[in-house]
Amino acid sequence: MAAHMLGQQARQFSTSVVRPILVKSPLTVYGVEGRYATALFSAASKKKQLEQVEQELVKVRAIIKDPKLSSIIMNPHVKRALKQKTFTAALTKAKVSPITMNFINVLGDNRRLPLTGDVITAFNKMMSAHRGEVPCIVTTSHPLDEASLAALKVALNGFLQKGQTILLQTKSDSSILGGMIVSIGDNYVDMSTKTKIRKLTALIKET
């Protein structure tokens, strides 16, 4: 999306004509959804309503998942005016703030309502970064017991900077045979038995 369009979105989200400059988000999310989410984050930040908008987006996500409403809002054969009228009525009933309402209107005006869910996901990632949460996924062959999980959290804290906290998700995958695979922030460490065997096999073939 062109820079002038992004600026236009920010102005539409904000009631201020003095400061149409975007507030920098704590996380860069690329793509169209990232640009809309950045504009929304900027508007909510200026109004000091980040947490309120985040909570309201839970309602928005519920609306687009409702089969009856979704059949209208996400249907490419339904006229844009009817889509926006239906969405606006649902949001009015949910009593969302003007910022959230304007966000949906901008998506509707730009024929981007199908991207609503993706924009919400991008916004949530920005809010997680705003709170200093570092996403971490740990995959093991079997579920970890409490003692192992506690020791793992201590080790993972070594990756963090001041003010950051771990947002930990654990998964089980028997195919890795043993060990673990850790994805934390931009770091990826594969200590699985499966990968060790593959590397050893490749080494044997080379020799």
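See the values below:
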quantity: Within straight-line cross-link reach of Lys79, lysines at Cα separation under 27 Å, skipping those fewer than 8 residues along the same chain; calculated: Lys59, Lys65, Lys68, Lys93, Lys95
quantity: Nearest 10 degrees, 0 to 90: helix 80-94 Cα axis against the chain principal axis; calculated: 80
quantity: 18 Å reach of a label modelled at Gln164, 7 Å along Cα-to-Cβ, counting backbone N of segment 113-138; calculated: 125-138
quantity: Aspartates and glutamates whose Cα lies under 14 Å from that of Lys194, excluding same-chain neighbours fewer than 8 positions away; calculated: Asp173
quantity: GNM top mover of Leu113, Leu144, Leu69 - the chain, alpha-carbon springs below 10 Å; calculated: Leu144
quantity: Reach of Lys83 by Cα under 20 Å, taken over aspartates and glutamates that are not fewer than 8 positions away in the same chain; calculated: Glu33, Glu56, Asp66, Asp109, Asp118
quantity: Angle in degrees between helix 116-130 and the longest Cα principal axis of the chain, rounded to the nearest 10; calculated: 60
quantity: Potential extension, Ser97-Glu133 segment - 0.36 nm per residue separation minus Cα distance; calculated: 10.4 nm
quantity: Longest DSSP-loop-exposure-free segment, trypsin sites (Lys or Arg not before Pro), the chain, at most 11 other Cβ within 10 Å; calculated: 112-161
quantity: Length-normalised contact order for the chain - Cα pairs under 8 Å, 6+ apart - percent; calculated: 18
quantity: Nearest-ten-degree value, helix 146-156 long axis tilted from longest Cα axis of the chain; calculated: 70
quantity: Thr193 paired with Asn157, simple spin-label distance in nm, labels 7 Å along Cα-to-beta-carbon; calculated: 3.0
quantity: Dimensionless Rg ratio for the chain, taking C-alpha atoms and the 2.2 N^0.38 Å reference; calculated: 1.31
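Coordinate-derived values only; no laboratory data. These numbers come from a predicted model, not from an experiment. Neighbour counts are summed over all protein chains in view; Cβ atoms, including those assigned to glycine, are modelled from backbone coordinates with ideal geometry.
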